[in-house]
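Enquirer: The structure under discussion is supplied below as structure tokens; questions concerning it will follow.
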């Protein structure tokens, strides 16, 4: 999308699609972000977008879809041998809506097995010795490496925010329950949330606006620094970088929410994943990874403990956690990306997912290994507009100071 | 299942399956309860059950599955031309668990289009001039007509309790959220609940116990008669029959919950169905029925109204509604089955579904047309054990007084 002449506009979607396919062609051998690319289908869809008599708000944007989300006629294998050959009959509603708004679906991105822990072959584009994080590994990597404008992911613990941090892209998890999960693998329905990755906050705002029609809001007035009980798990670079930006944003320190939230999340997630994946556990146990098989097996969570966990969550004092602030800032992950072979620790994202709060990660510094660090912002339920406006504000300041997001400063 | 000799036990599942298939063969031409019957698959599964080295708690029971719920390798067309040829890759977890417990899946039962209003061809087995109710039409009819021991249904407004009432069978809707909805069409995820139909309460208790392992509870001590704001919509026979049984159960009258609950349910359901069926509305509008197309079209519910509806629901005073009682009794429907061609009015079930409360319908009298009337019982969340025990208690009294459920008295 280099200009805006009439000729360019007439082939906006086709150009973007060709560019995406060329980039994938050049880079996929190193990155392994994709499990299926549908070049013909994407070009056909792009032609329709360019021919549309309406001006489609997302025309010119290309999309990758995590392979636990249905795209009609494409595979949906959820990173598991059990689903080998499984095809989606129709688009997930969120995919259908994005297509109708002008986005072109290029293909399906690699995911950890059933969006849990066993990572796919995807490499971190910043340095292929490192993990892109997970479980939305391919989506984060595909956006980071410039294959597509955006990619859908899902978060049950930290599967959007953590890979966004590791890959140096923007990852957005909307308020729980606001976008349909039809056609999306259900892992833990009390917390599962669909969101997406983009290179910059502006593109996330553009997509959100097209989907919701919501009016933009101003950025947060009061920001809080929330170290969380996991602060000591963050490495030095992350801690320094978060403290520095918190100071520059005049963020006041708030008390860390109790570690009980992590136990509550673990109880709900394990109980629900046992229910949701019962078919695979009962009928194809030998095709599950050891980690997932172990997780789903063993003693069940009692109904009493499960209900107590839901109750704890529902009566948790979110207002006290915000302490009068509009948005909280925390580390997006423990630090830079971990080595290839694991997906990293979601400890900074887990309580946010449990509470259903909208959150966004954006790159804001560089660690000692030269890999990006991500900042996590959290808002109250349904304060998504203010959240993304705050992220845009911070991003704009970073760009103003450093020229671009590609030249962020070393934290240490 | 006529006896319990060793020979009988060795072929318990096969006998039950053969009996089911024979009955379907004899009756289906009149009833149209099924959209797919897999005789070979059912026999194979039955052989495995009979050969199992374990004593399976549900061996000898046959199952029909509403055609909005996945059974691996079978169709799942949701009563819509849009899903023509759609096949399920794997079992819904609830189906997988019931199979593992020894139940044999005989086939898929007819459903209203996308579990909404447009009825399938299914007839009420008690009198084929009448509707079996909906949207779980085929499941209710298949059980009522003795095709299978049980059938899965779903309820978003009144799609289990109403057809149970119309067909003279037991219909059970568990507490919201307690059984997985993976592999089940999502219509309105804040209220959608999977449940089932059986001929008697005993079989429902047997299935529930096998699935949950929960200890049985005693029946309700205190019962309340809840006329609801729709009392005047119930016909004379229903009103008299409910008043009579309430008196015999020493049920004290409670205040009717506000009619606002119906508006709140309508707001949530319409907003969510628009989201969940967005793909069909965007991509195949011409293949939707006029009623569904009209429902999904038109002005959207605003986010503000939707969130206000969820808030109203979540802060509704359920305790005040129960007024110290353990179980409430209400009509299961407005009266006897309506004429073939419509599915009837869910007004007595809607607020119960909205509040996520467990409920059960059981036949308890006969109306002026000679068709059954159903009584609805409602308990607090997670009081399912007490609810079904109460239903069993009432059923036992009816049988003791009238010889069998097939000879219930005329209400008027």
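Enquirer: Are any residues in the stretch B:257-268 under 16 Å from residue B:307 (Cβ atoms) and either assigned to a loop (DSSP other than H, G, I, E, B) or more than 14 Å from chain A (Cβ to nearest Cβ) (or both), and if so, which ones?
Expert: Within the stretch B:257-268, B:260, B:263, B:264, B:265, B:266, B:267 qualify.
Enquirer: For the stretch B:198-210, name all the residues that are closer than 13 Å to residue B:174 by Cβ and either surrounded by 22 or more Cβ atoms within 10 Å (Cβ to Cβ) or touching a strand residue (DSSP E or B) at 6+ places or on another chain (Cβ under 8 Å) (or both).
Expert: Of everything in the stretch B:198-210, those that are closer than 13 Å to residue B:174 by Cβ and either surrounded by 22 or more Cβ atoms within 10 Å (Cβ to Cβ) or touching a strand residue (DSSP E or B) at 6+ places or on another chain (Cβ under 8 Å) (or both) turn out to be B:204, B:207, B:208.
Enquirer: Say whether the condition of being without any contact (Cβ under 8 Å) to a residue 40 or more places away in the chain, closer than 16 Å to residue B:152 by Cα and buried (at least 16 other Cβ atoms within 10 Å of the Cβ) is met by at least one residue in the stretch B:6-17.
Expert: no
Enquirer: Could you check how many residues of the stretch B:335-356 are surrounded by 24 or more Cβ atoms within 10 Å (Cβ to Cβ), in contact with a strand residue (DSSP E or B) (Cβ under 8 Å, 6 or more places away or on another chain) and within 30 Å of residue B:315 (Cβ to Cβ)?
Expert: Residues that pass the stated criteria total 4.
Enquirer: What number goes with the only condition from (1) surrounded by fewer than 22 Cβ atoms within 10 Å (Cβ to Cβ); (2) away from every other protein chain (no Cβ under 11 Å); (3) in contact with a helix residue (DSSP H, G or I) (Cβ under 6 Å, 6 or more places away or on another chain) that residue A:101 does not pass?
Expert: Unmet for residue A:101, out of (1) surrounded by fewer than 22 Cβ atoms within 10 Å (Cβ to Cβ); (2) away from every other protein chain (no Cβ under 11 Å); (3) in contact with a helix residue (DSSP H, G or I) (Cβ under 6 Å, 6 or more places away or on another chain): (2).
Enquirer: Here is a follow-up. Does residue A:117 meet the test of being surrounded by fewer than 23 Cβ atoms within 10 Å (Cβ to Cβ), within 13 Å of chain B (Cβ to nearest Cβ) and touching a residue at least 24 places away in the same chain (Cβ under 8 Å)?
Expert: no
Enquirer: Do we have residue B:179 as more than 14 Å from chain A (Cβ to nearest Cβ), buried (at least 20 other Cβ atoms within 10 Å of the Cβ) and closer than 30 Å to residue B:101 by Cα here?
Expert: no
Enquirer: Go through (1) more than 22 Å from the chain's Cα centre (by Cα); (2) within 14 Å of chain B (Cβ to nearest Cβ); (3) outside any loop (DSSP other than H, G, I, E, B) and name the single condition residue A:272 misses.
Expert: The single condition residue A:272 does not satisfy is (1).
Enquirer: Shifting gears a bit: Find the residue count for the stretch A:146-169, including only residues that are more than 8 Å from the chain's Cα centre (by Cα), more than 18 Å from residue A:187 (Cβ to Cβ) and crowded, with 24+ Cβ neighbours inside 10 Å.
Expert: Within the stretch A:146-169, residues that are more than 8 Å from the chain's Cα centre (by Cα), more than 18 Å from residue A:187 (Cβ to Cβ) and crowded, with 24+ Cβ neighbours inside 10 Å number 10.
Enquirer: Is at least one residue of the stretch A:195-213 assigned to a loop (DSSP other than H, G, I, E, B), over 17 Å from residue A:361 (Cα atoms) and modelled with pLDDT of 95 or more?
Expert: No, the stretch A:195-213 contains no residue that is assigned to a loop (DSSP other than H, G, I, E, B), over 17 Å from residue A:361 (Cα atoms) and modelled with pLDDT of 95 or more.
Enquirer: Report the residue count in the stretch B:68-93 for those that are within 14 Å of chain A (Cβ to nearest Cβ), part of a loop (DSSP other than H, G, I, E, B) and either over 20 Å from residue B:210 (Cα atoms) or in contact (Cβ under 8 Å) with a residue 60 or more places away in the chain (or both).
Expert: 17
Enquirer: Could you tell me whether residue A:341 is away from every other protein chain (no Cβ under 14 Å), more than 21 Å from the chain's Cα centre (by Cα) and more than 30 Å from residue A:208 (Cβ to Cβ)?
Expert: When the stated conditions are applied, residue A:341 does not pass them.
Enquirer: Determine which member of the set B:193, B:212 is over 18 Å from residue A:189 (Cα atoms), in contact with a helix residue (DSSP H, G or I) (Cβ under 9 Å, 6 or more places away or on another chain) and within 14 Å of chain A (Cβ to nearest Cβ).
Expert: When all the criteria are applied, what remains is B:212.
Enquirer: Still on this structure: For the stretch A:296-326, enumerate the residues that are away from every other protein chain (no Cβ under 14 Å), part of a helix (DSSP H, G or I) and buried (at least 19 other Cβ atoms within 10 Å of the Cβ).
Expert: Matches in the stretch A:296-326: A:321, A:322.
Enquirer: State the number of residues belonging to the stretch B:332-354 that are part of a strand (DSSP E or B) and in contact with a helix residue (DSSP H, G or I) (Cβ under 8 Å, 6 or more places away or on another chain).
Expert: 0
Enquirer: Let me ask you something else. Out of all the residues in the stretch B:220-231, which are over 17 Å from residue B:348 (Cα atoms), touching a strand residue (DSSP E or B) at 6+ places or on another chain (Cβ under 8 Å) and assigned to a loop (DSSP other than H, G, I, E, B)?
Expert: Correct list: B:220, B:222.
Enquirer: Report every pair of residues separated by at least 6 positions or lying on different chains whose Cβ atoms are under 7 Å apart, first residue within the stretch A:276-290 and more than 20 Å from residue A:188 (Cα to Cα) and within 7 Å of chain B (Cβ to nearest Cβ), second at pLDDT below 95 and not in a helix (DSSP H, G or I).
Expert: Every condition considered, no pair remains.
Enquirer: Can you find a residue in the stretch B:248-256 that is without any contact (Cβ under 8 Å) to a residue 60 or more places away in the chain, within 14 Å of chain A (Cβ to nearest Cβ) and not in a loop (DSSP other than H, G, I, E, B)?
Expert: No; the residues of the stretch B:248-256 include none that is without any contact (Cβ under 8 Å) to a residue 60 or more places away in the chain, within 14 Å of chain A (Cβ to nearest Cβ) and not in a loop (DSSP other than H, G, I, E, B).
Enquirer: Next question. Could you pull out the residue among B:357, B:377 that is in contact with a helix residue (DSSP H, G or I) (Cβ under 9 Å, 6 or more places away or on another chain) and part of a loop (DSSP other than H, G, I, E, B)?
Expert: B:357
The values are calculated or read from the model by the stated rules, or taken from the named source; none is laboratory data. The shown structure was predicted, so the numbers you read here are calculated from the model rather than taken from an experiment. For neighbour counting, all protein chains shown are included, and Cβ atoms are generated from backbone atoms with ideal geometry for every residue, glycine included.
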